[in-house]
Each structure stands twice: as structure tokens, then as C-alpha cells.
Amino acid sequence: MHPEAAPSAVAVPAEPLLRVEGLTKHFPVFRGFFRRRVGTVRAVDDVSFTLGRKQTLAVVGESGCGKTTAGRALLRLVEPDAGHVWFRGKNLPTLGADELRETRRHMQIIFQDPYSSLNPRHTIGQIIGRPLLLHGVCKTDAEAEDFVRALLERVGLQPKYISRYPHEFSGGQRQRIGIARAIALRPEFVVCDEAVSALDVSVRAQVLNLLMDLQDEFGLSYVFVTHDLSVVRHIADDVVVMYLGQIVEKAPRASMFARPSHPYTQALLSAAPEPDPAKRRKRIILSGDVPSPMNPPPGCRFHTRCPLAFDRCKIDTPAPHAVSDGHTVACHLYEGRTEPIDLAARIAG
């Protein structure tokens with residue numbers, strides 16, 4: 001008699017490092033001498049996504065779509081109005097000041113502008129070293145100085161630069177300093193807010209490669225806010241596309257570029273430069289301008305510019321529909337449909 005086979009182990013999905021549910025941020029608009037409230041900018045509206053450990057999530061969209069506000073709301077650099085941000089088992093919007101300060105050691109940000117994000121009155125040693133002392137990573141100034149010198153060398157700068165001021169560096173060097181400051185406390189999660197958009201193309205590639213090397217070395221997870229789809233193709237694991245404060249499509253990188261489904265995503269990709277003529281997409285020109293986030297249109301917010309919009313789009317907000325594994329699109333055209341709709345072909349026909 002044969003012994004019973006041992007039951008096979010069931011793989012349990014790993015808990016994501018970051019889980020965002022219904023994140024919302026609105027800004028009041030005031031005008032006049034008496035500062036009368038005249039409206040509300042709906043910068044981020046009911047945004048939800050997850051970020052895995054040691055993964056990169058790219059958040060893309062046109063200027064003003066809310067991607068930067070969403071990134072900052074994750075860290076409570078701007079206070080969200082609603083929603084949940086679960087990180088390390090804690091819901092960040094509910095944390096008190098002391099608990100938030102302790103948690104912030106594990107999450108950092110790299111700002112877009114390397115010129116304004118560094119204090120011009122402080123040396124590089126002070127900019128990077130002070131957080132080390134405040135959070136108790138280093139106990140003495142000498143220990144912090146040694147730590148900063150090693151960190152500068154790791155990001156490609158000479159340790160002797162520790163006593164220099166920000167104005168003595170180029171844009172690429174300043175961004176490396178910003179990266180060194182962000183990783184000094186050994187965080188798990190970093191928001192990269194257009195971290196390479198202000199840099200020259202050659203320097204951009206170097207900084208991107210540095211970020212990827214640091215991710216492998218320290219096990220970092222990135223939310224990478226960008227409008228540059230070539231950067232997304234190079235660095236992202238998953239992609240979120242935003243339009244007027246809402247997510248219109250979410251997908252793994254390969255699926256997003258191979259099977260873009262939402263009309264807005266297809267228009268974005270058609271405008272991206274492609275050096276290989278055989279891979280170039282037919283350009284899709286959208287009519288009209290992006291509506292004001294103070295007065296977004298009802299229903300699908302993209303319907304005022306979408307060539308495929310129909311009556312329902314003007315009334316009902318579309319729910320996310322799954323078109324493949326991990327790939328969802330918020331569009332009424334995908335109810336009961338999984339094959340991408342070729343917007344360029346529809347326009348041509």
C-alpha cells in the first residue's frame with residue numbers, strides 16, 4: 001500500500017507593500033478681497049492601486065492630470081481628503097504626528113526640480129546628514145560625515161563634495177544629491193516625482209540606471225510619476241494612466257504597450273517618439289482641450305475629447321473592466337469585451 005501523497009502547498013499571494021484605496025484630494029479655490037470660495041479643483045478623485053515589494057509603478061498622464069498630487073498625497077506631503085493608504089500595516093492618513101514621523105523614515109521622495117529641492121544655505125553634508133542624526137541612524141557628527149561620504153560615492157559623486165553648496169553643482173549632480181538624501185535612511189518606498197524630466201537626455205539615462213541599481217541593491221519600491229513614456233518602458237513593472245484626476249487604465253508594462261485599450265492611452269502612445277519606423281503607431285490627434293479640473297464633465301471625463309464617445313459616456317462614470325490578467329480599463333466600450341478597440345482604425349474608417 002502506497003503512503004498518501006502529502007498535500008501540495010498552496011501559494012499565498014504576497015501582501016503588497018502599498019495598497020491605495022479611494023485616494024481623493026480636492027483643493028478649494030478662493031478669489032476676491034474677502035477670499036470667497038468660488039470652486040474646487042478635483043485634483044485626485046477616487047484613485048486605487050497596489051505596489052508590490054521591489055517593484056516600480058509608473059503613473060503617467062498629461063500635465064494637470066493629478067499624478068504629482070497623488071504621489072505627494074501618498075506621503076501626506078499634502079493631506080488627502082478621503083481614502084486609505086496602507087503601508088507596513090498602517091493606514092497613513094490616520095496616523096498621528098509622532099507615528100507618522102517614525103513611519104516617514106521608511107518612505108521618501110525625489111523631487112522634480114533639483115534646483116529648488118535643496119536648501120541653498122546648507123552644505124551637502126548638512127542636507128544629507130541631518131536626517132541621519134534626527135532619526136538616530138548615526139549618533140555623532142563624525143559618524144554621519146563618514147556615512148554621507150560613502151553615500152556620495154555610491155551615487156557617483158566624489159566624497160570631497162560634502163562641504164560644497166548646491167549652487168556649485170550641475171543639474172544632474174544635484175539630482176544625485178537628492179537621490180542620496182532619499183535613500184540615506186534606507187527606505188522601502190520612494191516616490192520619484194518627475195525625477196529625470198529636468199535633465200539632459202544623456203544624464204537622464206545615467207540617473208535612471210542609478211535608480212534601477214539602487215532598487216536592486218536596497219530592495220526599493222518606486223512610484224514613478226512621469227509623462228515620458230520612454231522612461232516608463234525602461235523602468236516600470238506596472239503602469240497607471242490618469243486623466244483629470246482619475247485612473248482610466250492599469251496594466252503590467254508589457255500589456256500596456258502591446259495592448260493599450262483606453263482611447264486616451266492609445267492617443268498618448270501614438271504621440272510617443274519611436275526611433276524604429278516599423279514600430280511607430282499611427283498618430284491620433286485628439287480634438288479640444290483638457291477640461292478644467294474645477295468643472296470636470298459628468299460621466300466619463302474623457303468623453304469631451306473621445307472620438308468613440310456615445311450618449312452613455314456623458315452620463316455614467318465607467319467602472320474598471322478587466323481585459324486580461326492584471327489589465328483593467330475604465331471605459332463603457334469594454335463591457336463584455338476584452339479585445340482592444342483600435343482607435344486609429346476607427347477614426348480612419
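The values are calculated or read from the model by the stated rules, or taken from the named source; none is laboratory data. Just so you know, these numbers come straight off a predicted model, no measurement behind them. Here the Cβ positions follow ideal geometry from the backbone for every residue, glycine too, while neighbour counts run over all protein chains shown.
Could you tell me whether VAL78 is among the β-branched types (Val, Ile, Thr), within 23 Å of ALA184 (Cα to Cα) and outside any helix (DSSP H, G or I)?
yes
Quick one: is GLY71 of a type in the set (Gly, Ala, Ser), within 26 Å of HIS135 (Cα to Cα) and surrounded by fewer than 21 Cβ atoms within 10 Å (Cβ to Cβ)?
Spelling it out, it is not the case that GLY71 is of a type in the set (Gly, Ala, Ser), within 26 Å of HIS135 (Cα to Cα) and surrounded by fewer than 21 Cβ atoms within 10 Å (Cβ to Cβ).
Among the residues of segment 229-236, is there at least one that is within 30 Å of ALA82 (Cα to Cα) and among the hydroxyl-bearing types (Ser, Thr, Tyr)?
The answer is no, given that none of the residues of segment 229-236 is within 30 Å of ALA82 (Cα to Cα) and among the hydroxyl-bearing types (Ser, Thr, Tyr).
Mind checking which pairs have a first residue in segment 31-52 that is at pLDDT below 95 and a second that is of a type in the set (Phe, Trp, Tyr) and loosely packed, with under 15 Cβ neighbours inside 10 Å, Cβ under 6 Å, 6 or more apart or different chains?
Close Cβ pairs satisfying both conditions: ARG37/PHE30.
Would a scan of segment 161-171 turn up a residue that is touching a strand residue (DSSP E or B) at 6+ places or on another chain (Cβ under 9 Å) and modelled with pLDDT under 95?
The answer is no; no qualifying residue exists.
Looking at SER163, SER197, which is the one that is under 14 Å from THR123 (Cα atoms) and either over 20 Å from the mean Cα position of the chain (by Cα) or surrounded by fewer than 16 Cβ atoms within 10 Å (Cβ to Cβ) (or both)?
SER163
Kindly establish whether LEU100 is in a helix (DSSP H, G or I) and more than 30 Å from HIS227 (Cβ to Cβ).
Numbers: in a helix (DSSP H, G or I): yes; more than 30 Å from HIS227 (Cβ to Cβ): no.
No, not satisfied.
Considering only residues that are farther than 17 Å from LEU17 by Cβ and touching a strand residue (DSSP E or B) at 6+ places or on another chain (Cβ under 6 Å), look in segment 94-113 and name the one that is surrounded by the most Cβ atoms within 10 Å (Cβ to Cβ).
ILE110
Within segment 281-335, track down each residue that is in a loop (DSSP other than H, G, I, E, B), within 23 Å of the chain's Cα centre (by Cα) and small (Gly, Ala, Ser).
The answer is SER292, ALA319, GLY326.
Go through (1) more than 28 Å from ASN295 (Cβ to Cβ); (2) out of contact with any Cys (no Cβ under 6 Å at 6 or more places or on another chain) for SER261 and report which single condition fails.
Status for SER261: all satisfied but (1).
Considering segment 81-97 alone, what residues qualify as being of a type in the set (A, V, I, L, M) and outside any strand (DSSP E or B)?
LEU92, LEU95, ALA97 - these are the residues of segment 81-97 that are of a type in the set (A, V, I, L, M) and outside any strand (DSSP E or B).
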